[in-house]
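Peer 1: Would you mind keeping the following structure in view while I ask a few things?
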Amino acid sequence: LCYLMADNLHLVLNKRNNYNLVYEGRAHLLKHQILMKNSGFAIVGAVYTNLEVNTVLRTTPHAETCSADDSLLYRIEKRNTLKRRAGEETKPVPQIYGEECSSASTSLETAGNFPTYKKVKAAMYRSRAKRFPPMPATRQELEIPAHWRVTKSGRQFLMYNNVHNSVLIFCTDENIRELAGHAVWCMDGTFKIVPEWYHQMFSIHVFKEGKLIPLPQTVICDFETALIPAVQGSFPGVHVQGCYFHFCQAVLRKVADLGLRSRYLREAETKKIIKMLMATAFLPLAEVPAAVDLLGRDVTGSVAALFQYFRDEWMTPNRMPLWNVYHVEIRTNNHLEGWHFKMNRQAAKHHLSFYELLRLLIDEQGSTETLIQQVTSGRVTANDLRVKNNKYEEVQLRITALTAEYDGGTRTMEQFLKAIAYDVPEPVNF
């Protein structure tokens, strides 16, 4: 922090968070004489100003050994900027230093005086540590201060805290009502940014539209063996829908495991039959077994092994309803994965400290509350806020039209699967 009082008078914060008056290349302790030891000699110098600190009334001379330093003000200002950013931002301290160091090069005349990382590292980390409450030695001793348990609007945000099984639930009463008012819930988790005391950050999202329904009718999630029974046990009768994108990626991983990757990428017929196999998800559930038999009647070798895996892994009575997307419009939870990707990007590092993550969540909750109020006010609609994906909308329209043709009898099963295969997701990191 620096206050420019006159052309040659500057009030700046020092290392002890007191103010120095920098004048003609020397730093003076405000309202005090400076007494410094240098080569065994006492060096006394003072600057007397008016109350507004914009005019020098008189000075007392410094010893000859106390030379002026024209770069002193620059170094103090840059040090204070580095400390301020370390205390206010969530970026890693080395990244903040790197950005400021790079910016210093805009003026090569002064860049040589920029503080070294070794000189400011400790001060930057001390500044960051002051932003958050001290952490206890164990998770069981964690006591979250009251102002860290609420949103920016003052609503209760920490709804549940069980220190024994490491579970914290963050939401508001308004969030609960929003969940209750939507038929489709999307669930997903992320591991990268959670503090070391915890295993996963798990999120539940809904689309901001629809009428009040007391319980979810559909939950979209990954094919996690622990999550699905938990959802079904908590909401009897709910339809659990696996993410179609992750279903396709799982099948394609098996393609690679069976040594079919090169054939999939280079042989059109092999790629077509595998994509048609994944396209069976768009058929009525009862017709899927017949479709798989139709596609697999002439396959041999590794492709036959893929079909056997598909029958064993995905065609059991409990699994088939999870990946079937016949007449389903919302088929993936990719938007939620995108939200987790955004949070990971904002965190800018893995495994945040507890309060760094909590600050990130409180900030995101503030943005979410603003979006909800924008829609609730009637000034904007959900469509105004939604990023339009023309490609996705085109795919959805095409699938809807093809399904109508199949249901109407104008396309055979094989024709339908060939057409749908063009819209089956391509492999990622294949």
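Peer 1: Given an 8 Å cut-off on Cα distances and at least 6 residues of separation, report the relative contact order of segment 146-242 as a percent.
Peer 2: 21
Peer 1: Under a crude label model (7 Å from the Cα following the beta-carbon direction), how far is K192 from L265 in nanometres?
Peer 2: Each label point lies 7 Å from its Cα, and together they span 2.4 nm.
Peer 1: Measure up K130/K342; K91/K254; K254/K418; K254/K391; K254/K342; K152/K342 against 32 Å on the Cα-Cα distance and list the ones that go over.
Peer 2: From the list (K130/K342; K91/K254; K254/K418; K254/K391; K254/K342; K152/K342), the Cα-Cα distance tops 32 Å for K91/K254.
Peer 1: Relative contact order, percent, of segment 73-129 when contacts are C-alpha pairs under 8 Å separated by at least 6 residues?
Peer 2: Reported as a whole number, the value is 54 percent.
Peer 1: Separate question: What is the order of F170, F207, fewest Cβ neighbours within 10 Å to most?
Peer 2: Neighbour counts put them in this order, fewest first: F207, F170.
Peer 1: Here's something else I'd like to know. In which sequence would I76, I372, I176 go, from the one with the fewest C-beta neighbours within 10 Å to the one with the most?
Peer 2: I176, I372, I76
Peer 1: What shape does segment 302-430 take by its C-alpha gyration tensor, where a ≥ b ≥ c are the square roots of the eigenvalues and a/c under 1.5 counts as rounded, a/b above b/c as prolate, and the rest as oblate?
Peer 2: It comes out oblate by the Cα gyration axes.
Peer 1: Another question, if that's okay. Counting other C-beta atoms within 10 Å, which of V288, V231, V219 has the fewest, and how do the rest follow?
Peer 2: Lowest to highest Cβ neighbour count: V231, V288, V219.
Peer 1: Next question. With the Cα gyration tensor of segment 171-263 giving a ≥ b ≥ c as the square roots of its eigenvalues, does the rule (a/c under 1.5 for rounded; else a/b larger than b/c for prolate; else oblate) give rounded, prolate or oblate?
Peer 2: Prolate shape, in that a/c is at least 1.5 and a/b is the bigger ratio.
Peer 1: A follow-up question, please. Around F170, which amide H atoms from residues at least 5 apart in sequence, or from another chain, sit under 5 Å from its own amide H, with H modelled in the peptide plane?
Peer 2: Long-range HN contacts for F170: M159.
Peer 1: By its C-alpha gyration tensor, with a ≥ b ≥ c as the square roots of the eigenvalues, how is segment 69-198 shaped: rounded for a/c under 1.5, else prolate for a/b larger than b/c, else oblate?
Peer 2: Judged from the Cα gyration tensor, segment 69-198 comes out prolate (a/c at least 1.5, a/b above b/c).
Values quoted throughout were computed directly from the atomic coordinates according to the rules given, and no laboratory measurement underlies them. Since this is a predicted model, take the numbers as computed values, not measurements. With ideal geometry, Cβ positions are generated from the backbone for all residues, glycine too; neighbour counts draw on all protein chains shown.
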